[in-house]
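Have a look at the structure below, then the notes.
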Amino acid sequence: MSAPPRILSIAGSDSGGGAGIQADIKTITMLGGYAMTAICALTAQDTTGVHAVLPVDPDMVAAQIDACVNDLGVDAVKIGMLGSPEIAAIVADRLERLAVPIVFDPVMIATSGAALADAATVAAFERLMAIATLTTPNVPELEALGGDAAMQARGVAYVAKGGDAQGPEVTDRLVVPGREARTWTAPRIATTSTHGTGCTMSSAIATFLGFGAPLDEAVEDAREFVRAALLAAPGFGAGHGPLGHHAVR
């Protein structure tokens, strides 16, 4: 039996378990990967919102990354909530040395609407977008990054996620420099259990890339995993509930 791909999630902790590090571990595990973590921030969070955020010391974030890379090894990386520009910079320092697929989810706004990145942190995203294999902004994040024109001017590959757009269908666009954009469209799943969809999608893409899948295939399979998890949502909480990672085999 072959060893599972080692997937490192660099992100924030969600006490409610629906998003962040917790969603990443569930996703990576259910897809057959081996999950490792570097926690960048602690959050007091549930389905109704983010109630408190405590960034981790940047040196501790670096130490977590070093511990995973130097002993266990890494086959792919997912980056989520970072918590501060200093953390973003030190994460970029570490990842520039790695020759593995990197998926960057530029987390700025939680599903509940809470801001998770300030202007200085967003500015530090430039280095991470430059080294990432793929960046995965949602609708408001893509707008904050300057829209499609700015992303294409950066010359980076990205998935413009359409879950936050209006309408009966959801369209996701994969844009890779030098290639025609690829789109996937599917009927919108009517549910309020959408907490952690972005975290789940990005960590799923990283896991599939860790298995050696081509980028298009990794995005397509990640979309299907997210949709299955949405349909299996347990209905917990009074707000935007978590996905049903546990039910997707």
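GNM on the chain, alpha-carbon springs under 10 angstrom: the most fluctuating residue among Ala38, Ala213, Ala150 is Ala150.
Could you check which residue among Pro214, Pro101, Pro55 shows the biggest mean-square fluctuation in a GNM of the chain with a 10 Å Cα cutoff? Maximum among the listed residues: Pro214. Taking the convex hull of the alpha carbon positions in region 1-67 and averaging its projected area over all directions gives 4.8 nm². Principal axis analysis of the Cα atoms in region 59-107 yields extents of 26, 22, 14 Å, listed in decreasing size. Whole-Hz Karplus values for region 142-157 come out as 4, 5, 5, 8, x, x, 4, 4, 5, 5, 5, 5, 6, x, 10, 7 Hz, taken residue by residue from phi with 6.51 cos²θ - 1.76 cosθ + 1.60 and θ = phi - 60°; glycine and proline positions read x. In terms of Cα atoms, the Rg and Dmax of region 64-180 work out to 14.7, 47 Å. Taking amide H as placed 1.01 Å from N in the peptide plane, the amide H of Ile10 sits under 5 Å from that of Ala38, Lys78, Ile79, Gly80, each at least 5 places away or on another chain. Here region 1-115 is treated as an ellipsoid with the same Cα gyration tensor; its semi-axes, largest first and in whole Å, are 23, 17, 11.
Distant-in-sequence amide contacts of Ser15, defined by a placed amide H-H separation under 5 Å and a gap of 5 or more residues or a different chain, comprise Thr43, Gln45.
Across region 26-32, computed HN-Hα scalar couplings (Karplus, 6.51 cos²θ - 1.76 cosθ + 1.60, θ = phi - 60°) run 4, 4, 4, 5, 5, 8, x Hz from first to last residue, x flagging Gly and Pro.
Between the amide H of Val50 and those of Ala114, distances stay under 5 Å, these residues lying 5 or more places away or on another chain, with hydrogens modeled in the peptide plane. A straight line joining the Cα centroids of region 211-225 and region 8-80 runs 21 Å.
Across region 126-133, coupling constants 3J(HN,Hα) worked out from phi with the 6.51/-1.76/1.60 Karplus curve, θ = phi - 60°, read 4, 4, 5, 4, 5, 9, 6, 5 Hz, and Gly and Pro carry x. State the label only: which of [x] 26; [y] 45; [z] 17 corresponds to percent of Cα pairs over 30 Å apart computed from the shown model? Computing percent of Cα pairs over 30 Å apart and matching it to [x] 26; [y] 45; [z] 17 gives [z].
None of the figures in this text is laboratory data; all of them are computed from the coordinates on show. Note that the coordinates shown come from a computational prediction; the quantities given were computed from them, not determined experimentally.
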